[in-house]
1. Pick from segment 275-290 the residues that are among the hydrophobic types (A, V, I, L, M, F, W, C) and touching a helix residue (DSSP H, G or I) at 6+ places or on another chain (Cβ under 6 Å): which of them is nearest to P209 (Cα to Cα)?
2. Every residue in segment 100-137 that is within 18 Å of P290 (Cα to Cα) and touching a Pro at 6+ places or on another chain (Cβ under 8 Å), please.
3. With in contact with a helix residue (DSSP H, G or I) (Cβ under 8 Å, 6 or more places away or on another chain) and either free of Cβ contacts under 8 Å to residues at least 24 places away in the same chain or surrounded by 15 or more Cβ atoms within 10 Å (Cβ to Cβ) (or both) as the only criterion, which of Y364, Y332 stands out?
4. Which condition does L84 not pass, out of (1) touching a Gly at 6+ places or on another chain (Cβ under 7 Å); (2) surrounded by fewer than 23 Cβ atoms within 10 Å (Cβ to Cβ), if it passes all the others?
5. May I ask you to verify whether R413 is closer than 27 Å to G394 by Cβ, of a type in the set (D, E, K, R), at pLDDT 95 or above and surrounded by 10 or more Cβ atoms within 10 Å (Cβ to Cβ)?
6. Tell me which residues, restricted to segment 37-56, are on the phi > 0 side of the Ramachandran plot and surrounded by 14 or more Cβ atoms within 10 Å (Cβ to Cβ).
7. Considering only segment 422-440, I want to know if a residue exists there that is in a strand (DSSP E or B), without any contact (Cβ under 8 Å) to a residue 40 or more places away in the chain and surrounded by 12 or more Cβ atoms within 10 Å (Cβ to Cβ).
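The values are calculated or read from the model by the stated rules, or taken from the named source; none is laboratory data. Being a predicted model, the structure only gives us computed values, none of them experimental. With ideal geometry, Cβ positions are generated from the backbone for all residues, glycine too; neighbour counts draw on all protein chains shown.
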Amino acid sequence: MLPTTELALLRRVAAEQADSRAPSLIAAVVRGDEVLWTGARGRVDGQPPTADTQYRIGSITKTFVAVLVMRLRDEGRLDLNDPLDKHVPGTNLGHLTVAQLLAHTGGVTSESPGEWWERSPGGDWHALQSSLADGALRHRAGARFHYSNVGYGVLGELVARLRGTSWFDALVAEVLQPLGMRRTTPDPRAPHALGWAVHPYADVLLSEPTPDTGAMAPAGQLWSTVTDLARWTRFMAGDTGEVLNPDTVAEMREPAHVDDADAWTSGYGLGLQVLRDSGRRLAGHSGSMPGFLASALTDPRTTTGALAFANCTAGVAIMSLVLDLLKTVDEYEPALPAEWQPMAGPDPALLALTGPWYWGPIPYTLHLLPDRWLSLRPASGSGRASRFRPEPDGTWTGLDGYYAGETLRVGRRADGSPSHLDLATFIFARTPYDPAAPIPGGVDEAGWQGS
């Protein structure tokens, strides 16, 4: 990056480390398939941390578990609407759906009963299940967002049941190895940072424990590095390799819940936090465990992402830091739009569909996209716009907004030419209320009239 950009980024990291009294702090910026910049302050074992230094990433672990669940969904092994009892019978959470657990909308208690799980050696699944026998539900399922570490302990068990192995072994085989993430582990491996609590009134440190959290591990056990988490940040933006379809990751980024402010700025999808900041729509996750803070966010539109680690229990505004790094990069070196190129071999039959269509009197425009995809949007202003993915049966499925999941069909005349579009029972004709199209309710025979 330009020296001015790198200095501005390092200045922000240095100020955060000094002002927050973090023993060490490391951050990075990614775009596309590159790590554009890495900066660090403080010391780990007497040396500045590097991109290979492990830190505990806390709840970013949940994003990995969510990907394992979505892989099972895409394979047809489960449905997101399945009740938990179908796959993990015998809990008093059995009526909750997989989707509700992923999105923290099941009303499950936030922490596992008993001792504070993040600082205590964890028991096995039987111990966790037994602890949830009473008082595990705090809200009516679907009523509200209630962040639940317990819910992800349960999802880890679901993965283990359906894969016939531990959730982490499944993660290694299905995600970490294919993506080349060799330094993401359940336990620290040198070189790694030690976790510290910083005294609130003196510049002294207290070592924090880093136990194996057992059945609660899927909620926050993992350790990782800048190099590995940069690859994961690219993954969350859609660079998924062979691990998951990018459409599935886009589905995970869609908010299942948003805060109730007049204009929402934060929410949660299927295992991913979602934010709106300075005109950008971001996805990722933050994490904390005693002695550690971490955050990774990405803008899928530009593929620009940022991440940061610190080895202190509190004090560092880790998400604000990551947001500021993104703002700095966008201001100093904004991403260039993709170079336009004409599509190869457009289908004449699809070209014939493009142009104006009318829903009643309202003009829409249909555009042909690469790979036979379509885009239908209002000719002006805001409204029900969507992209449509082609299906083998000659229909298209909506991917965005109001028409997400709905089917688009093309009606044709006797000679095979397109006469209308049928989208979720709405008829789009080539002219406003075309009497030759099957307009629901018919069209007045008198036609359009003046005063």
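1. Step one: list which residues in segment 275-290 are among the hydrophobic types (A, V, I, L, M, F, W, C), which gives 275, 282-283, 289.
Imposing the further condition that a residue be touching a helix residue (DSSP H, G or I) at 6+ places or on another chain (Cβ under 6 Å) reduces the set to 283, 289.
Numbers: A283: 30, M289: 10 Å.
It comes out as M289.
2. Scanning segment 100-137 gives E118, R119, S120, P121, G122.
3. On the way: Y364 fails: in contact with a helix residue (DSSP H, G or I) (Cβ under 8 Å, 6 or more places away or on another chain).
The unique qualifying residue is Y332.
4. Failing condition for L84: (2).
5. no
6. Step one: filter segment 37-56 for residues on the phi > 0 side of the Ramachandran plot, giving 42, 45-46.
Of everything in segment 37-56, just one residue is on the phi > 0 side of the Ramachandran plot and surrounded by 14 or more Cβ atoms within 10 Å (Cβ to Cβ), namely G42.
7. Checked segment 422-440: at least one residue is in a strand (DSSP E or B), without any contact (Cβ under 8 Å) to a residue 40 or more places away in the chain and surrounded by 12 or more Cβ atoms within 10 Å (Cβ to Cβ).
Here is a yes/no grid of residues against (1) within 18 Å of A143 (Cα to Cα); (2) touching a Ser or Thr at 6+ places or on another chain (Cβ under 8 Å); (3) charged (D, E, K, R); (4) free of Cβ contacts under 8 Å to residues at least 24 places away in the same chain:
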site	(1), (2), (3), (4)
E242	no, no, yes, no
N245	no, no, no, no
H257	yes, yes, no, no
D262	no, no, yes, yes
T265	no, no, no, yes
L270	yes, no, no, no
S278	no, no, no, no
